[in-house]
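For reference, the structure discussed in these notes is given below.
The values are calculated or read from the model by the stated rules, or taken from the named source; none is laboratory data. Everything numeric in this text was worked out from a predicted model, so none of it was measured. Quick reminder, even Gly has a Cβ in these numbers, built from the backbone with ideal geometry, and neighbours come from all protein chains shown.
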Amino acid sequence: MVGTLQDIRLFVAAYEERSFTAAGQRENATQSGVSQHIRKLEERFRINLFTRDKGRITPTPAGDSYYRCALDVLRAHDAATKVAQTFATGLAGDVVVGLMPTMTRCVLAPALAAFSDAHPNVSLRIVEGYSGTLTKLVQAAELDFAVLPATAGFVGLRSRHYLTTPEVLVGSKSHAGRRSLDPVRARDLGPLRLVVPSRVNTRRMTIDRYFDSNGVKIERLIELDAMLGTLDLVGRSDWVAVLPGIMMAGDAEPENLVINPLSAPVLKLDLVVVEPTHRTLSPPADAFLARLVEEGRRLNARWDDAGAGCAP
């Protein structure tokens, strides 16, 4: 036998964490136990999978190749297990999903209501957070998947496109002097009193670059990582915010807000579904993702009607 599933899981954890100690914490094993399993594999192969230097480990070329094949083994075993479980119990189980406020404001509720009615035996938990926190939870396999802004790849994660949505300017009806859904040109904006997320938010750099490159004057700036607080401030004052269109798409006629897609140039946000590389989605998780996709596309189509031209 080349290696047991436990050997392979511990190797994959060590490879992705670059640490026997961190791998043990991730897999509920001891550091010495992880080291012994890796050494057992290396003795069977008669080749080193890692180089070791003062507590640090680095994969060898053999380790890199074995990692890629090991992922295939874990995915195949995971898929086979879940198929067998589906035949035995039907569509039931536990699903944990990570969503940003971008998704929880408008997309989540209708998708969750429809899914819960169709699959009452699925235990579903939603974790709300920003991209940095959710990425770490997916890497640790504490989430089945998360929907995040597209960014550079991470070891141990894979992503696929969810949708592209326009960024929209949100202001107060009593101060904006614009009609909702009318596109606004960047060169016509400013000076602005602008509410932005802090720099830990993936979107912040994109927003800064957009206004800088289009010469939009910012009179004052507030950093606010609280979406409800942002909307409350904008609705009560002459402050404005740039928010993802999918987040505001459920407001057909917002009571106190004006929502305008940014144009000339258009500013768009790509969202992706991120999941661990060594696992496949369970049937309940896959079904819930399908609901999120369906609801997201339905809401996002509003911006095509408004001329923002964002494909699902």
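For region 166-221, the set of residues classified as under 14 Å from Val234 (Cα atoms) and among the charged types (D, E, K, R) consists of Lys173, Arg193, Arg220, listed by residue number.
Pick from Leu224, Leu243: which is more than 18 Å from Thr165 (Cα to Cα) and out of contact with any Phe, Trp or Tyr (no Cβ under 8 Å at 6 or more places or on another chain)?
Values: Leu243 fails: more than 18 Å from Thr165 (Cα to Cα).
Of Leu224, Leu243, the one residue that is more than 18 Å from Thr165 (Cα to Cα) and out of contact with any Phe, Trp or Tyr (no Cβ under 8 Å at 6 or more places or on another chain) is Leu224.
In this entry, Ala301 passes the filter for residues that are of a type in the set (Gly, Ala, Ser), in the same structural domain as Leu148 (by TED's automatic domain parsing) and surrounded by fewer than 22 Cβ atoms within 10 Å (Cβ to Cβ).
Sort through Arg52, Arg125, Arg68, Arg158 and tell me the only one that's in contact with a Ser or Thr (Cβ under 6 Å, 6 or more places away or on another chain) and not polar (S, T, N, Q). Steps first, please.
Values: Arg52 fails: in contact with a Ser or Thr (Cβ under 6 Å, 6 or more places away or on another chain); Arg125 fails: in contact with a Ser or Thr (Cβ under 6 Å, 6 or more places away or on another chain); Arg68 fails: in contact with a Ser or Thr (Cβ under 6 Å, 6 or more places away or on another chain).
Only one candidate passes the filter, namely Arg158.
The single condition from (1) out of contact with any Pro (no Cβ under 8 Å at 6 or more places or on another chain); (2) assigned by TED's automatic domain parsing to the domain that holds Phe145; (3) at pLDDT 95 or above that Arg105 fails is (3). Within region 45-67, the set of residues being touching an Asp or Glu at 6+ places or on another chain (Cβ under 9 Å), under 18 Å from Thr4 (Cβ atoms) and of a type outside the set (Ser, Thr, Tyr) comprises Leu49 only. Among the residues examined, Thr151 qualifies as within 30 Å of Glu275 (Cβ to Cβ), in a loop (DSSP other than H, G, I, E, B), of a type outside the set (D, E, K, R) and out of contact with any Gly (no Cβ under 7 Å at 6 or more places or on another chain). Taking the stated definitions as given, is Arg105 of a type in the set (Lys, Arg), under 25 Å from Val274 (Cα atoms) and either out of contact with any Cys (no Cβ under 8 Å at 6 or more places or on another chain) or in contact (Cβ under 8 Å) with a residue 12 or more places away in the chain (or both)? Yes; evaluated as a whole, the condition is true for this residue. Taking the criterion of being of a type in the set (Val, Ile, Thr) and more than 14 Å from Ile8 (Cβ to Cβ), the residues of region 36-56 that qualify are Ile47, Thr51. The residues of region 178-214 that are free of Cβ contacts under 8 Å to residues at least 12 places away in the same chain and either among the aliphatic types (A, V, I, L, M) or under 11 Å from Asn260 (Cβ atoms) (or both), listed by number, are Asp188, Met205.
With respect to Leu99, is the statement that it is more than 23 Å from the chain's Cα centre (by Cα) and closer than 29 Å to Leu233 by Cβ true? Judged against the criteria, Leu99 is not a match.
For the structure I just gave you, tell me whether Ala113 is over 16 Å from the mean Cα position of the chain (by Cα), modelled with pLDDT of 90 or more and of a type in the set (A, V, I, L, M, F, W, C). When the stated conditions are applied, Ala113 passes them.
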